[in-house]
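This report refers to the structure that appears directly beneath it.
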Amino acid sequence: GAEKVAGLAARTLTIADATLEEIRRAVSMLGPAILDDVGLVAAIQRLCDDFGERADTTIDCELDAPPASGLSPALESACYRVIQEALTNVARHAQASRVRVALAVDPAAVHLEIADNGQGFDPRPRTRGSPGGRGLVGMRERVELLGGTLHIANNPGGGTAVTVVLPQVTLSEDGDDTALVVA
């Protein structure tokens with residue numbers, strides 16, 4: 001009867017949701033091809049330039065790293081994806097006129113900061129099923145998988161700063177951390 005059909009429909013939706021989540025995870029594991037093509041610094045510069053044009057926002061890009069960063073593919077991918085997601089959040093929510101993207105690499109760690117002069121937001125996790133919120137969770141998961149920290153300083157009405165520190169360590173004896181880490 002109708003109950004059986006409703007139960008089957010609910011199970012089908014659950015399976016579809018789980019499949020979509022798996023597809024999202026698989027896509028996020030792929031390193032951005034642009035990193036292989038032009039390297040991290042040029043890729044971030046291009047990302048900032050494209051974002052500035054599309055969002056009609058001034059981007060101050062401060063990239064203190066050699067063109068060939070020497071970072072592992074997992075670290076490079078994490079840096080790129082975090083900046084990409086942070087800029088997406090700025091475009092969706094911040095109504096900012098200016099954004100500063102900073103990358104600094106030292107022997108111990110990679111430091112990222114994405115700061116805007118927008119309206120700020122509530123960084124608390126949203127409830128399941130509410131729109132949005134997935135980007136921040138994804139950024140945090142990506143950073144924590146690499147042993148890093150992500151901090152959000154938020155001033156409602158005065159902008160948001162996302163600060164990330166990623167240690168330069170390898171997670172396996174052969175020095176290849178890409179197999180163990182979601183890049």
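The values are calculated or read from the model by the stated rules, or taken from the named source; none is laboratory data. If you're wondering where the values come from, they're calculated on a predicted model, not measured in any experiment. Positions of Cβ are generated from backbone atoms using ideal geometry, with glycine treated the same way; all protein chains shown enter the neighbour counts. Just so you know, the surface numbers come from the protein's heavy atoms only, side chains and all, with ligands and any DNA or RNA stripped out. Shrake-Rupley method; radii C 1.70, N 1.55, O 1.52, S 1.80 Å.
Points to keep in mind about this one:
- Sum of side-chain charges, His111 neighbourhood, beta-carbon under 14 Å (Lys, Arg +1; Asp, Glu -1): -3
- Accessible surface, 1.4 Å probe, highest first, among residues His151, His93: His151, His93
- Sorting 64-74, 79-89, 36-46 by average packing, meaning the other beta carbons within 10 Å per residue, from highest down gives 79-89, 36-46, 64-74.
- Residue-span extension gain [Ala42 to Leu145] - 0.36 nm each, minus C-alpha spacing: 34.6 nm
- Between the C-alpha center of region 90-119 and that of region 33-48 there is a gap of 16 Å.
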